[in-house]
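What follows is a set of notes on a single structure, which appears directly below.
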Amino acid sequence: MTARTRHFLDLDAIDAAELRVIIDAAAAMKRGESGLNKPLEGKFLAMIFEKQSTRTRVSFEVAMKQLGGEVVVLNSNDLQLGRGESVADTARVLSRYVDCIMMRTYGSERIAEMADYASVPVINGLTDSTHPCQLMADVLAFEEHRGPIKGRTVAWSGDGNNMAASWIHASVKFGFKLKIATPPELSPDPALLTWADKNGGSVELMHDPRAAVAGADCVVTDAWVSMGDNEASRHNMLAPFRVDATLMGAAKENVVFLHCLPAHRGEEVTADVIDGPQSLVWDEAENRLHSQKAILAWCLQ
Ligand code: CP
Ligand code: NVA
């Protein structure tokens, strides 16, 4: 890694102004106003998946190809990584072949190691701890429908998982208020709340979903069982945090609903909410493509 390598690892590590540039570039690309001249022609992206994926897998490939680049998709079982070669050595070798590496993995230390040893930009495609690419798509979706997110209120109801962590990062970087309701046992890492506090954020942790959604412009949730989680007892703990029409009715009148997908209707969200008029989930999913085109261009240009 050189001092100038532009990794996209986590939102807390990137300047707010840079993140705004990426969102604005994504919106311009979505409108067809830029990115049309194959700016990444001749560039290769390697994507490493140690966990499953639909959206990240497909949207990154289409993003790279629309910008004129090429992709190599690698499942960990196909790689020597899957039988014990180190992340560091994988990073050194891939850096000799490709211009950028996207990785989806378990522990965040694996993506950090990839970035430490790669000489090309590394993008975090989800870890157990965070999912920063998703947040860029989410902010874009909110702003397309409701205008600037700065100063607005977002409520999280559910597991204090990787998505909740990236929402905490985003709330500080994009300047919105975040109210998080989780079961006490599934609270986000207290270090995230301390970080938000120190950085002028407005993040409140509570355990009552109705209190969280009061005054909210946006309600968000995610799966009760994330990849790599142990299912036992989560459903009972999380049932009171299900997003249903009654909970949405306790938020602001023009509230919108976001969910990174995949969704489990009847678990974290009811079908009438996710398939109803307040839901932005399909635009949100589409925005993975536009926001990742902007992320790739930011990393590679
Ligand atoms: N939201 C998201 O990252 O979806 P995939 O797991 O399908 O990539
Ligand atoms: N929290 C979920 C997000 C999936 C995109 C998981 O990690 O499985």
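The values are calculated or read from the model by the stated rules, or taken from the named source; none is laboratory data. Keep in mind the model is a prediction, meaning the values are calculated, not measured. Positions of Cβ are generated from backbone atoms using ideal geometry, with glycine treated the same way; all protein chains shown enter the neighbour counts.
Per-structure values
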item: Extreme residue, nearest to ligand 2 (Cβ to nearest atom), among residues of the range 24-62 that are among the acidic types (Asp, Glu) and surrounded by 17 or more Cβ atoms within 10 Å (Cβ to Cβ); result: Glu50
item: Residues (outside any loop (DSSP other than H, G, I, E, B) and more than 14 Å from ligand 1 (Cβ to nearest atom)) located in the range 275-286; result: Ser279
item: Single unsatisfied condition, Glu144 versus (1) part of a helix (DSSP H, G or I); (2) under 15 Å from the mean Cα position of the chain (by Cα); (3) touching a residue at least 40 places away in the same chain (Cβ under 8 Å); (4) under 15 Å from Leu258 (Cβ atoms); result: (2)
item: Count of the range 90-106 residues which are within 16 Å of ligand 1 (Cβ to nearest atom) and either touching a Lys or Arg at 6+ places or on another chain (Cβ under 9 Å) or assigned to a helix (DSSP H, G or I) (or both); result: 4
item: Test result for Glu109, away from ligand 1 (no atom under 14 Å from the Cβ), without any contact (Cβ under 8 Å) to a residue 40 or more places away in the chain and assigned to a helix (DSSP H, G or I); result: yes
item: Any strands (runs of 3 or more DSSP E) falling wholly within the range 199-274 and containing at least 3 residues that are away from ligand 2 (no atom under 16 Å from the Cβ) and surrounded by 14 or more Cβ atoms within 10 Å (Cβ to Cβ); result: 203-206
item: Near pairs, Cβ below 9 angstrom, 6+ apart or cross-chain, from the range 59-78 (within 24 Å of Leu261 (Cβ to Cβ) and modelled with pLDDT of 95 or more) to any residue that is acidic (Asp, Glu) and within 16 Å of ligand 2 (Cβ to nearest atom); result: Ser59/Glu286
item: Leading residue by the ranking (nearest to ligand 1 (Cβ to nearest atom)) among those in the range 124-153 that are in contact with a Lys or Arg (Cβ under 6 Å, 6 or more places away or on another chain) and farther than 17 Å from Trp282 by Cβ; result: Leu126
item: From Ala164, Ala118, residue being touching a residue at least 60 places away in the same chain (Cβ under 8 Å) and touching a strand residue (DSSP E or B) at 6+ places or on another chain (Cβ under 8 Å); result: Ala118
item: When residues of the range 93-140 are limited to those that are charged (D, E, K, R) and buried (at least 24 other Cβ atoms within 10 Å of the Cβ), the one farthest from Phe176 (Cα to Cα); result: Arg104
item: Qualifying residue in the range 169-180 (condition: more than 21 Å from Ile22 (Cβ to Cβ), within 15 Å of ligand 2 (Cβ to nearest atom) and either at pLDDT below 95 or surrounded by 18 or more Cβ atoms within 10 Å (Cβ to Cβ) (or both)); result: yes
